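One structure is given below, encoded as structure tokens.
Readers should treat all values here as calculations from the given coordinates under stated rules, not as data from a laboratory. In this text the structure is predicted, and so the values were computed from the model without any measurement. Note: ideal-geometry Cβ built from the backbone for every residue, glycine included; neighbour counts use all protein chains shown.
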Ligand code: C2E
Ligand code: MG
Ligand code: MG
Ligand code: MG
């Protein structure tokens, strides 16, 4: 875990900064400044999603990094929670969406044009009334095929919001975006999602994948999720695949796509493109 609650409830990061409220407030100010005045500090990395039957890359997940002027490259563990608790996740999320769409646009007419780009949405963004209008206007603004973008959603909403959620999802889907359930099998993910939500993809959480080499229960659960996804005609992705043995097992179970360090970690744009060029 990147962080833990200290005795007095203060959030502590294990890499020696943001140890106290002052540090948190400074980080918040820095983030606020970056979002408003220097959005270049917000950078997307790309982790390939690979078809294990032929090792071809069919797309990528965009994972946000913050190139902090003093602290260097920060991963989401250092600032997503802060962004959520301060509301900055809304402007941050919009920047991530815009950068993703810009990328899809730039890939048009190149060897990269068939790649599907997955973008993470936080629950907070999902509860924002402006999300659907924003997603609609971004398609017009960037003139891209929304089917090239897959929105990854975890922890969709509280149970009292289920009807609202279903409605929003249907409207987002009708614009043409794909929708994936991230970290499936953990947290609030539920079988009812599979019935009621217009989703295209299920991502099996890494906590199941990391045990399939030695633990029968995880194998059973993973096979069940894959079988169910195939019957319901969802694309099924295994996340956090690190070893060739895991890859081979998942391939034999019929998983559609694999994402994980076994193929590659999240890469800066240029490295990702080079990797696609030499692999596909
Ligand atoms: P996620 O969406 O489940 O993304 C997968 C995370 O697992 C990524 O961490 C990725 O680097 C890591 N990962 C991938 N393959 C492996 C593997 O084989 N082994 C291990 N140990 N880890 C692997 P990352 O980039 O640090 O992102 C962490 C989380 O932060 C993401 O989890 C997502 O929930 C959130 N996040 C990332 N980018 C965004 C964003 O733009 N917006 C929002 N709202 N959340 C984001
Ligand atoms: Mg994700
Ligand atoms: Mg995930
Ligand atoms: Mg996960």
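Quick one: Cα centre-to-centre distance for region 221-238 and region 37-104, in angstrom? Between the Cα centre of region 221-238 and that of region 37-104, the gap is 27 Å.
Rounded, prolate or oblate: which fits region 124-280 when a ≥ b ≥ c are the square roots of the eigenvalues of the alpha-carbon gyration tensor, with rounded for a/c under 1.5 and prolate only if a/b beats b/c?
oblate
Normalised Debye scattering of region 36-162 at q = 0.13, 0.14, 0.17, 0.21 Å⁻¹ gives log10 I(q)/I(0) of -0.59, -0.68, -0.98, -1.35, counting only Cα atoms as equal scatterers and leaving out solvent. Taking label positions 7 Å along the Cα-Cβ direction at both residue 280 and residue 98, the computed distance is 2.7 nm, reported to one decimal.
One decimal place: the segment residue 67-residue 21 gains 14.4 nm when fully extended, by the rule 0.36 nm per residue minus the C-alpha distance. Computed over region 161-280, relative contact order equals 19 percent, with contacts defined as Cα pairs under 8 Å that lie 6+ residues apart.
In a fully extended conformation the segment linking residue 261 and residue 190 would gain 22.8 nm over its present Cα-Cα distance, using 0.36 nm per residue. Per the Cα gyration tensor, the chain maps to an equivalent ellipsoid with semi-axes of 28, 23, 21 Å, ordered largest to smallest.
For the peptides 98-105, 146-153, the ranking by mean Cβ contacts within 10 Å, running from highest to lowest, is 146-153, 98-105. Relative to the current alpha-carbon distance between residue 244 and residue 32, full extension at 0.36 nm per residue lengthens the span by 72.1 nm.
Considering every Cα-Cα pair within region 192-235, what fraction, in whole percent, is farther apart than 18 Å?
32
For region 239-276 and region 195-220, what is the separation of their C-alpha centers, rounded to whole Å? Each part's Cα centre sits 15 Å from the other's.
Structure remark: mean-square fluctuation, Gaussian network model of the chain, C-alpha springs under 10 Å; the largest value among 195, 171, 206 belongs to 195.
Relative contact order, whole percent, for the chain stands at 17, derived from Cα pairs under 8 Å and 6 or more residues apart. Rounded to the nearest 500, the 222 nm mean residue ellipticity of the chain from helices alone is -13000 deg cm²/dmol, with -39,500 (n - 2.57) taken per DSSP H run of at least 4 residues.
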